[in-house]
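First comes the structure, then the notes that go with it.
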Amino acid sequence: MTQKVAIVGGGMVGATVAYYLSKLPGNTQQEVTLYDDGTGQATKAAAGIISPWLSKRRNKRWYELAKAGADLLPQLAREANLSNAVYQQTGTIITRSNDADLESLYQLAQNRRQDAPQMGTVSQLTSEEVSQMIPLLHQPHPGILVSGGARIDGAQYTESLLKIAQTKNLKVKNEKVSLNSDGNIVTARGTVKFDRVIVATGGWLKQTLEPLGIEADIRPQKGQLIELSVKNYEDHQVMPVLMPEGERDFIPFGNGSLIVGATHEDENGFNLEQTSEAKKDLFASAKAMVPELTIDKITGMRVGTRGYSSDFAPFFGPVPFFRKVLVAGGLGSSGLTTGPIIGKLLAGSIIFGGEPDWSNYEKELDIYLKRL
Ligand SMILES: Cc1cc2nc3c(=O)[nH]c(=O)nc-3n(C[C@H](O)[C@H](O)[C@H](O)COP(=O)(O)OP(=O)(O)OC[C@H]3O[C@@H](n4cnc5c(N)ncnc54)[C@H](O)[C@@H]3O)c2cc1C
């Protein structure tokens, strides 16, 4: 019997779920509708770094999930035939001003690499070697290169996957919807019944689940970044991503564009305004690394809303007391990395059923979802 599945939210998670629901064996039994408002989507606004291995976060489950996500992406990119403009293992360089910090990062990288072969090679780089790899930079600090690190364009990723799924069993509706108390979908035209509903509404998860009598532990955070034109570096098609100290990362795309970001604005939650303060602040970070930049090289700004849980950890799976509905939330600032694996696991559980054990990757869901 055909199973009617709805996905609410077409970001990293929703698009990946749709893709795997169209690909995994058994997909002919699914009829899938994805509803996406699109406003404020974190995935479209995101910077694009896939490099979780040197994170100092102590949350082991998060690390296992992010590692699995970074591992899945190259396979998915091959299988879905994603171009280098969408996903590419360019390598990531993490720089530090202090030799002792750099050495401890290198030790961490060597240790982590033992059970993460997807990191590729790990090497120490002098300031000159960093400049050779990213010729934009002026006197960078020395760093560690992780060759398996990657960059991804979230907007193109979701577009590519949804296009593939639409040739199979997916219909996409670009509209805002809500749930009713039975977990069905309420559109402007009426209520539509589904057998399973996956809620992947990012920063909006709390609002989406309210009609079910559920309070989700999610708060929104605004993030802004700037896009710059660095046309004179167009020939350098493959430059690694740079993660210097602090929160500002540099993502050079081979088409002569450079992304610098991002802000983390807790107080501005759902606000989607591009602000001149953020523009100035991000530009100052860019100019400190690339002195020749002038303000007119800014070609655009992006703004998106991240969703965080109280312990900064992602959570996903069937709602314990409402199993028709599955959720994914709390992906925070690393959801380009964790979103694909979460999407694949959710799609697998819809198709194959059962009670998957994801305790390696997350805590119990009732920590994050309470009855109102
Ligand atoms: C500036 C910035 C930089 C970032 N950089 C990185 C990075 O370098 N690396 C990394 O790993 N992660 C990064 N992230 C984090 C990452 O982008 C997010 O964690 C991830 O994209 C979240 O995916 P999602 O599918 O959960 O949510 P989203 O991508 O936010 O998608 C949710 C979708 O649901 C839609 N929606 C909401 N309510 C409704 C409704 N009622 N009806 C229909 N649709 C609805 C929204 O409009 C949206 O399109 C960054 C985020 C930001 C904002």
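The values are calculated or read from the model by the stated rules, or taken from the named source; none is laboratory data. Computed from a predicted model, the values in this text were never measured in an experiment. Note that each Cβ is placed from the backbone with ideal geometry, even for glycine, and that neighbours are counted across all protein chains shown. The area values use the complete protein model at the heavy-atom level, side chains included, leaving out ligands, DNA and RNA. Shrake-Rupley method; radii C 1.70, N 1.55, O 1.52, S 1.80 Å.
Side notes on the structure shown:
- Test: residue in segment 187-200 that is open to solvent by less than 40 Å² (accessible area, probe 1.4 Å), free of Cβ contacts under 8 Å to residues at least 60 places away in the same chain and closer than 30 Å to Ala6 by Cβ: yes
- Complete set of residues in segment 1-44 that are part of a helix (DSSP H, G or I) and not hydrophobic (A, V, I, L, M, F, W, C): Gly14, Thr16, Tyr19, Tyr20, Ser22, Lys23, Asn27, Thr28, Gln29, Thr43, Lys44
- Taken as a whole, the structure places Asp266 among residues that are outside the structural domain of Asp195 (by TED's automatic domain parsing) and either within 13 Å of the ligand (Cβ to nearest atom) or in contact with a helix residue (DSSP H, G or I) (Cβ under 8 Å, 6 or more places away or on another chain) (or both).
- Pairs, first part of a helix (DSSP H, G or I) in segment 52-65, second surrounded by fewer than 17 Cβ atoms within 10 Å (Cβ to Cβ), C-beta under 6 Å, six or more apart: Glu64/Asn360
- Restricting Glu245, Glu210 to those that are open to solvent by 70 Å² or more (accessible area, probe 1.4 Å), more than 9 Å from the ligand (Cβ to nearest atom), touching a residue at least 60 places away in the same chain (Cβ under 8 Å) and touching a Ser or Thr at 6+ places or on another chain (Cβ under 8 Å) reduces the list to Glu245.
- In this structure, Asn271 does satisfy being under 21 Å from the mean Cα position of the chain (by Cα) and open to solvent by 10 Å² or more (accessible area, probe 1.4 Å).
- Screening segment 131-182 for strands (runs of 3 or more DSSP E) wholly inside it with 2 or more residues that are farther than 28 Å from Ile93 by Cβ returns the ranges 170-173.
- Enumeration of residues in segment 314-346 that are part of a strand (DSSP E or B) and of a type in the set (A, V, I, L, M, F, W, C): Phe315, Phe316, Val319, Phe322, Val325, Leu326, Val327, Ala328
- Members of segment 331-368 found to be open to solvent by 30 Å² or more (accessible area, probe 1.4 Å) and of a type in the set (Gly, Ala, Ser), listed by number: Ser333, Gly353, Gly354, Ser359
- The single condition from (1) within 12 Å of the ligand (Cβ to nearest atom); (2) among the small types (Gly, Ala, Ser); (3) touching a strand residue (DSSP E or B) at 6+ places or on another chain (Cβ under 7 Å) that Gly154 fails is (3).
- Among the residues making up segment 192-232, those that are more than 18 Å from the chain's Cα centre (by Cα), of a type in the set (Gly, Ala, Ser) and on the phi < 0 side of the Ramachandran plot are Ala216, Ser229.
- Residues located in segment 78-92, provided they are open to solvent by less than 10 Å² (accessible area, probe 1.4 Å), in contact with a strand residue (DSSP E or B) (Cβ under 6 Å, 6 or more places away or on another chain) and closer than 19 Å to Gly154 by Cβ: Thr92
- When residues in segment 36-65 are screened for being surrounded by fewer than 20 Cβ atoms within 10 Å (Cβ to Cβ) and either aromatic (Phe, Trp, Tyr) or away from the ligand (no atom under 11 Å from the Cβ) (or both), 9 of them pass.
- If you go through segment 285-314 and keep only what is open to solvent by 40 Å² or more (accessible area, probe 1.4 Å), more than 15 Å from the ligand (Cβ to nearest atom) and within 25 Å of Ser55 (Cα to Cα), you end up with Ala288, Ser310, Asp311.
- Test: residue in segment 174-185 that is surrounded by fewer than 20 Cβ atoms within 10 Å (Cβ to Cβ), of a type in the set (Lys, Arg) and near the ligand (Cβ under 10 Å from one of its atoms): yes
- Residue within segment 218-231 that is open to solvent by 50 Å² or more (accessible area, probe 1.4 Å) and farther than 20 Å from Thr39 by Cα present: yes
- Residue within segment 148-163 that is farther than 30 Å from Arg371 by Cα, more than 25 Å from the chain's Cα centre (by Cα) and surrounded by fewer than 19 Cβ atoms within 10 Å (Cβ to Cβ) present: no
- Some residue of segment 16-23 being within 13 Å of the ligand (Cβ to nearest atom) and over 15 Å from Glu159 (Cβ atoms): yes
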